[in-house]
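**Q** Got a structure for you, written out below as structure tokens; questions coming shortly.
The values are calculated or read from the model by the stated rules, or taken from the named source; none is laboratory data. The model shown is predicted, which means the values in this text are computed figures rather than measured ones. Positions of Cβ are backbone-derived with ideal geometry, glycine not excepted, and every protein chain shown enters the neighbour counts. Each accessible area value is taken on the protein alone, full model and side chains, heavy atoms only, with ligands, DNA and RNA left out. Shrake-Rupley method; radii C 1.70, N 1.55, O 1.52, S 1.80 Å.
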Amino acid sequence: MLYGPPGSGKDTVTAELSRARPEFTLFQRLKAGPGRTTGYRLTSTEHIEDLGRAGELLYRNARYGTEYAIDRQGVSELVEQGMIPVLHMGQVAGASAVSSYPIHWVKVLLWCPLAVTETRCQGRGDKDMETRLKVWHETRQDLMDHPSEPWSLVIETHHHSPAETARIISDAVTSKTAAHEQDIRGLVG
């Protein structure tokens, strides 16, 4: 499970994980709404609501004017195929909620300063820069609001290459590193 602000490296690290070990695969969240389509399973808001009523959602959220959901069946299908699902999380509440799914989760906080987010978002051509920077601040506040949230790893991606970050995460998955409380206030404060 990768959590972090825009530009912290979730996509890049996921690609490195998959390159190093093909069983690592991006979990494609359900998405209903505008924006990027790559990396999502497109659906309707009504379908997400139906899954929610049936108790089939691990987590649901809205951001960027779009509905997103993590469905139990989608995670189960990957696990049954022998894959290691890599989930990109945007809220601490989501990371906590998904932890209820009965597999060993390695919860990774990927962090980078605001200036790094800005540089990376510009470099990848994000058209909604103001929104991305706003989300960086929201992510920081989310972490400050949940200072005792347990993390298996906290990685400052501006200090590690994507390959090194992927190796650290892969090693933690192999060794079944447990999440534990860490004081991240100095990091994000």
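**Q** With all pairs of different alpha carbon atoms counted, what Kirkwood hydrodynamic radius in Å does region 43-115 show?
**A** 13.6
**Q** If you count only protein heavy atoms with a 1.4 Å probe, what accessible area per residue comes out for region 59-189, rounded to a whole Å²?
**A** Using a 1.4 Å probe on heavy atoms only, each residue of region 59-189 averages 49 Å².
**Q** Which value, in Å² and to the nearest 10, is the accessible area of Asp145 when all protein chains are kept and the probe is 1.4 Å?
**A** Estimated to the nearest 10 Å², Asp145 gives 100 Å².
**Q** Moving on to the next point. With the crude spin-label approximation of a point 7 Å out along Cα→Cβ, what separation in nm comes out for Ser96 versus Glu49?
**A** Taking the simple label geometry, Ser96 and Glu49 are separated by 2.7 nm.
**Q** Could I ask something else about it? Restricting to lysine pairs 8 or more places apart or on different chains, what number in the chain have Cα atoms under 28 Å apart?
**A** Lysine pair count for the chain: 10.
**Q** Go ahead and run the numbers for FRET between Ile103 and Asp128, Cβ-Cβ distance against an R0 of 41 Å, rounding to 0.05.
**A** So, using R0 = 41 Å, E works out to roughly 0.75.
**Q** Probe 1.4 Å, all protein chains in place: accessible area of His104 in Å², nearest 10?
**A** His104 exposes around 80 Å² with every protein chain in place.
**Q** I'd like to compare 36-45, 148-157: which one has the highest average count of other Cβ atoms within 10 Å, and what's the full order after that?
**A** 148-157, 36-45
**Q** Hey, if we sort Val116, Val86 by accessible area with the 1.4 Å probe, largest down, what's the order?
**A** Val116, Val86
**Q** Near Ile70, within a Cβ-to-Cβ distance under 9 Å, what is the net charge of the other residues, with Lys and Arg +1 and Asp and Glu -1?
**A** Charge balance in the 9 Å sphere: +2.
**Q** Take the alpha carbon gyration tensor of region 1-91, find the square roots of its eigenvalues, order them as a ≥ b ≥ c, and report rounded if a/c is under 1.5; if not, report prolate when a/b exceeds b/c, else oblate.
**A** Cα axes put region 1-91 in the oblate bin.
**Q** Kindly provide the helix-only [θ] at 222 nm of the chain, computed as the sum of -39,500 (n - 2.57) over DSSP H runs of four or more divided by all residues, to the nearest 500 deg cm²/dmol?
**A** Computed ellipticity for the chain at 222 nm equals -12500 deg cm²/dmol.
**Q** Using all alpha carbons of region 119-189, what is the percent of pairwise distances in each 10 Å bin, ordered from the shortest bin to the longest?
**A** Taking all Cα pairs of region 119-189, the binned fractions are 17, 36, 38, 9 percent.
**Q** Pop the C-beta distance of Thr25 and Arg167 into the FRET formula with R0 = 30 Å and round what comes out to the nearest 0.05.
**A** 0.95
**Q** If you don't mind, there's one more thing I want to ask. Given the options Gln81, Gln122, Gln141, which has the most mean-square fluctuation in a GNM of the chain, springs set between C-alpha atoms less than 10 angstrom apart?
**A** Gln81
**Q** Please report the antiparallel percentage of the DSSP beta bridges confined to the chain, to the nearest 5.
**A** 45
**Q** Do you know the relative contact order of the chain, to the nearest whole percent, from alpha carbon pairs under 8 angstrom that are 6+ apart?
**A** Once divided by the residue count of the chain, the mean separation gives 29 percent.
**Q** May I ask you to derive the FRET efficiency for Arg72 and Ala115 from their Cβ-Cβ distance with R0 = 45 Å, giving the value to the nearest 0.05?
**A** 0.70
**Q** On the accessible surface of the chain, probed at 1.4 Å, how many percent belong to carbon and sulfur atoms?
**A** 51
**Q** If you don't mind, another one. Restricting things to Cα coordinates, could you compute the convex hull volume per residue of the chain in Å³?
**A** Expressed per residue, the convex hull around the Cα atoms of the chain is 116 Å³.
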